[in-house]
Amino acid sequence: MPTTTTTMTTTTTTTTPVVTTNTDCTHFTESTCPIDEDTLVGFRHTETAQECQELCRDRSECEFFTWYDAQCYLLNSCEYTQSCPGCVSGPQLPDVDSCDI
């Protein structure tokens with residue numbers, strides 16, 4: 001009796017999600033953005049700059065924040081900054097805690 005050999009080839013495709021993050025920390029400064037009736041879209045007390053930034057992300061009109069001494073200012077713009085020791089100002093992303101500010 002003749003012997004028959006059958007060979008099967010199996011191909012497995014694995015997909016790995018690529019997570020991209022904006023890690024440009026140069027937009028965070030120890031300064032204050034202008035805070036006035038034209039730029040202010042909200043104010044809250046928060047324990048950290050990270051909490052302030054998260055509040056900013058939750059509001060569609062908020063683009064920047066300034067945090068100082070548990071005071072969180074949610075802002076629609078930040079045309080320039082002024083030096084403010086102890087303040088943290090920046091955009092919605094990346095996470096301020098991931099930056100050395």
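Here are some notes:
- Of everything in the stretch 64-101 that is part of a helix (DSSP H, G or I) and in contact (Cβ under 8 Å) with a residue 60 or more places away in the chain, the residue that is nearest to residue 28 (Cα to Cα) is 96.
- Exclusive hit being charged (D, E, K, R), assigned to a loop (DSSP other than H, G, I, E, B) and surrounded by fewer than 18 Cβ atoms within 10 Å (Cβ to Cβ), set 54, 61: 61
- Summed over the stretch 64-101, residues that are under 13 Å from the mean Cα position of the chain (by Cα), open to solvent by 10 Å² or more (accessible area, probe 1.4 Å) and of a type in the set (A, V, I, L, M) total 1.
- Taken as a whole, the condition of being open to solvent by 50 Å² or more (accessible area, probe 1.4 Å) and part of a strand (DSSP E or B) applies to residue 44.
The values are calculated or read from the model by the stated rules, or taken from the named source; none is laboratory data. None of the values given here were measured: they were computed from a predicted structure. Neighbour counts run over all protein chains shown; Cβ positions are idealised from the backbone, glycine included. We work out accessible area using only protein heavy atoms, side chains counted, and drop any ligands, DNA or RNA first. Shrake-Rupley method; radii C 1.70, N 1.55, O 1.52, S 1.80 Å.
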